[in-house]
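Here the structure comes first, spelled out in structure tokens, and everything after it is commentary.
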Amino acid sequence: MVKVGLTGGIGSGKTTVSNFILDYGIPVYNSDSKGKTLMNTNLKLKNDIISIFGESVYENGILNTNLLSHIVFSDPKKIEQLNNLVHPKVAENFNQWIWENNNQPILVKEAAILIESRAYLNMDKIVLVVSEKSTRINRVSKRDNSDLMSIEKRINLQLKDNEKIKYADYIIENNSTLEHLKLEVLKVVNKIREVN
């Protein structure tokens, strides 16, 4: 089994890439969405989040992601605190997922901060999705209805692409059409299949 880490900065299009990978028959674990699920369903994690960020981050037992994002993205120390709570739970859940899918030749873990969190160390191959900054800002603005300043802040909190490239085995550029992107993803998938 080849464990592949898929990463890229906010707005790079890594979720679109992971959807194409799914289309090619390879299971993908989405760390970000799984983290959100665990923040709503894991009682210990919920209590730990409340103890640090206050009861207001949950409304009727459901995480207010906008409020929590506003709190953590205004203070790097708070992001670190949140990551220290969530990442171990996601790692446990991912290991369980690997066990459940151990008959698959290739498994992909999609994570925005795969390198920053050092989760890349548990992967066999790393795929990095890169995109021009203006394109990324445009995508995030449309997707999240966010203002330029908050998007820039989130981009600046992540490792720059030229740093991430040092860790990547494969780079997918996402500055063109979806058709072109799908072909680029297929090329990388075929290269990984050859490794396996």
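The values are calculated or read from the model by the stated rules, or taken from the named source; none is laboratory data. Note that the coordinates shown come from a computational prediction; the quantities given were computed from them, not determined experimentally. In this analysis, Cβ positions are derived from the backbone assuming ideal geometry, glycine residues included, and neighbour counts consider all displayed protein chains. Calculation scope for accessible area: heavy atoms of the full protein, side chains included, ligands and nucleic acids excluded. Shrake-Rupley method; radii C 1.70, N 1.55, O 1.52, S 1.80 Å.
Structure values in brief
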{"quantity": "Surface accessible to a 1.4 Å probe, T41 within the full protein complex, Å²", "calculated": "100"}
{"quantity": "At R0 = 30 Å, FRET efficiency that the Cβ-Cβ distance of E59 and D147 yields, to 0.05", "calculated": "0.85"}
{"quantity": "Solvent exposure of region 123-196 as accessible area per residue, Å², 1.4 Å probe", "calculated": "63"}
{"quantity": "Helical contribution to [θ] at 222 nm, DSSP H n ≥ 4, -39,500 (n - 2.57), averaged over the chain, rounded to 500", "calculated": "-17500 deg cm²/dmol"}
{"quantity": "Gyration tensor over alpha-carbon atoms, region 95-141, equivalent ellipsoid semi-axes in Å", "calculated": "28, 12, 10"}
{"quantity": "Span from the region 138-196 Cα centroid across to the region 44-76 one, whole angstrom", "calculated": "28"}
{"quantity": "Acute angle (nearest 10 degrees) that the helix 76-100 long axis makes with the longest principal axis of the chain, alpha-carbon atoms", "calculated": "50"}
{"quantity": "Radius, Kirkwood style, for region 1-98 when every pair of distinct Cα atoms is counted (Å)", "calculated": "14.9"}
{"quantity": "Angle in degrees between helix 31-41 and the longest Cα principal axis of the chain, rounded to the nearest 10", "calculated": "30"}
{"quantity": "Given K46/K160; K109/K142; K46/K133, the pairs whose alpha carbons are separated by over 28 Å", "calculated": "K46/K160; K46/K133"}
